[in-house]
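The values are calculated or read from the model by the stated rules, or taken from the named source; none is laboratory data. This structure is a prediction, so every number in the text was calculated from the model and none was measured. Using ideal geometry, Cβ is built from the backbone for each residue, glycine included, and neighbour counts are taken over all protein chains shown. When the accessible area is computed, the model is the full protein with side chains, heavy atoms only, and any ligands, DNA or RNA have been set aside. Shrake-Rupley method; radii C 1.70, N 1.55, O 1.52, S 1.80 Å.
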Amino acid sequence: MQRIFSGMQPSGRFHLGNYMGALDNWIKLQKDYECFFSIVDLHALTSSFEDTSKIQNNVMEMAIDWLSAGLDPEKNVIFVQSHVPEHAELHLLLSMMTPLSWLERVPTYKDKLQQLGEMGKEINTYGFLGYPVLMTADIILYKAQLVPVGEDQAPHLELAREITRRFNNLYAPVFPEAKALLSKAPVLPGIDGRKMSKSYGNEIPFGSSPDELRAKVRQMITDPARIKKTDCGHPDVCVVYKFYDVFSYPDTQTVRNECENACIGCVDCKKRLAEHMVNVLSETHHRRMHFINKQDYIKEVLEHGAKRARVVAQQTMQEVKQAMKMW
Ligand code: TYM
């Protein structure tokens with residue numbers, strides 16, 4: 001059975017971009033692969049090291065979201081990154097052999113520095129630059145072959161493969177080169193049309209109630225060229241249409257025709273989408289309500305997951321040290 005690793009940062013509320021871009025895929029994959037899924041709290045420190053007061057709560061919320069969405073803690077190893085210290089150990093060893101230039105040329109590095117700088121957040125740190133090295137350690141610690149992620153993580157995966165090759169060439173062929181597995185919605189837009197992201201404030205939280213969902217759909221931007229209801233619309237530039245598609249509305253062709261021929265106005269079109277999304281997400285919403293009151297159970301799941309992860313992580317670290325002749 002092939003092995004999968006993926007992770008998510010507990011840096012604020014889990015949103016529909018994370019869900020449709022990654023988690024929905026994880027849920028489908030859990031049947032056929034041996035999966036390790038980690039709440040990567042050390043990664044969250046790279047951008048919120050100054051205020052760590054919310055991380056623990058965000059970790060719990062994320063675990064609740066994952067279970068509510070349908071991740072099975074029996075089938076998968078679900079754990080918190082910092083509970084398995086081998087992630088930090090391997091990260092340190094990899095950082096010795098990763099050229100600085102490889103890290104500086106990662107496109108997301110400069111983009112995010114600039115983006116956060118504009119918001120008055122200074123993260124010109126050693127840890128932030130080394131973010132993809134920690135990601136590499138996460139993946140190869142479990143010798144994962146596949147990594148289900150959204151498209152924004154693809155450059156990090158490329159770098160992880162380069163670092164893996166370098167380790168294998170320098171010491172011994174210990175690790176497979178992991179490949180990205182993209183979902184049906186590799187980039188889900190937010191309500192303003194840019195990539196859905198907590199840092200843009202355009203996200204739809206995963207645990208939204210039906211009324212919150214309806215309100216978010218009402219705010220979605222539509223085809224800017226369609227000013228009057230009688231103007232013909234262009235579904236391909238409309239956020240609402242993208243959501244019809246991603247949320248697998250049974251008859252997107254009718255929606256397209258109605259929009260292109262001005263048979264339906266944007267207000268009604270949004271109402272119909274909202275009800276469809278409320279339906280699709282209602283089960284997870286109910287499960288979320290259930291898990292919110294089961295904090296002890298969630299903690300047990302995470303402790304059990306960390307124990308299972310450590311068995312594999314410790315074995316890999318032994319091989320790493322042997323390969324590096326440090327043991
Ligand atoms: P993070 O926490 O930013 O995002 C978690 C997952 O959600 C996907 N995603 C999206 N997909 C589609 N549309 C969007 N608008 C959208 N926003 C987020 C991301 O692609 C990701 O799959 N560095 C990672 C976490 C990580 C990791 C790893 C992932 C740490 N170690 C090892 C894979 C393997 C991150 O920050 O994801």
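Look at the range 120-132: where a residue is more than 22 Å from V149 (Cα to Cα) and a partner is within 16 Å of the ligand (Cβ to nearest atom) and of a type outside the set (F, W, Y), sitting 6+ places away or on another chain with Cβ atoms under 6 Å, you get I123/S47; I123/L116. For the range 185-235, filtered to residues that are among the hydrophobic types (A, V, I, L, M, F, W, C) and within 13 Å of the ligand (Cβ to nearest atom), the residue that is surrounded by the fewest Cβ atoms within 10 Å (Cβ to Cβ) is V187. Let me spell it out: the conditions are (1) out of contact with any Cys (no Cβ under 9 Å at 6 or more places or on another chain); (2) surrounded by fewer than 23 Cβ atoms within 10 Å (Cβ to Cβ); (3) not charged (D, E, K, R), and M62 meets all of them except one. Which number is the exception? So the condition that M62 fails would be (2). The set of residues in the range 1-31 that are assigned to a strand (DSSP E or B) and of a type in the set (K, R) contains only R3. Of all residues in the range 3-18, those satisfying the criterion of being open to solvent by 20 Å² or more (accessible area, probe 1.4 Å), at pLDDT below 95 and not polar (S, T, N, Q) are G12, R13.
Of the residues making up the range 205-216, at least one is under 26 Å from W66 (Cα atoms) and aliphatic (A, V, I, L, M).
In the range 32-55, which residue that is near the ligand (Cβ under 10 Å from one of its atoms), part of a helix (DSSP H, G or I) and aliphatic (A, V, I, L, M) is least open to solvent (accessible area, probe 1.4 Å)? Across the range 32-55, the extreme among qualifying residues is A44. So for the range 164-178 (the condition being within 9 Å of the ligand (Cβ to nearest atom), open to solvent by less than 30 Å² (accessible area, probe 1.4 Å), of a type in the set (A, V, I, L, M, F, W, C) and within 20 Å of Y19 (Cα to Cα)), does at least one residue qualify? No; the residues of the range 164-178 include none that is within 9 Å of the ligand (Cβ to nearest atom), open to solvent by less than 30 Å² (accessible area, probe 1.4 Å), of a type in the set (A, V, I, L, M, F, W, C) and within 20 Å of Y19 (Cα to Cα). Scanning the range 236-259 for residues that are open to solvent by less than 80 Å² (accessible area, probe 1.4 Å) and not in a helix (DSSP H, G or I) turns up C238, F247, S248, Y249, D251.
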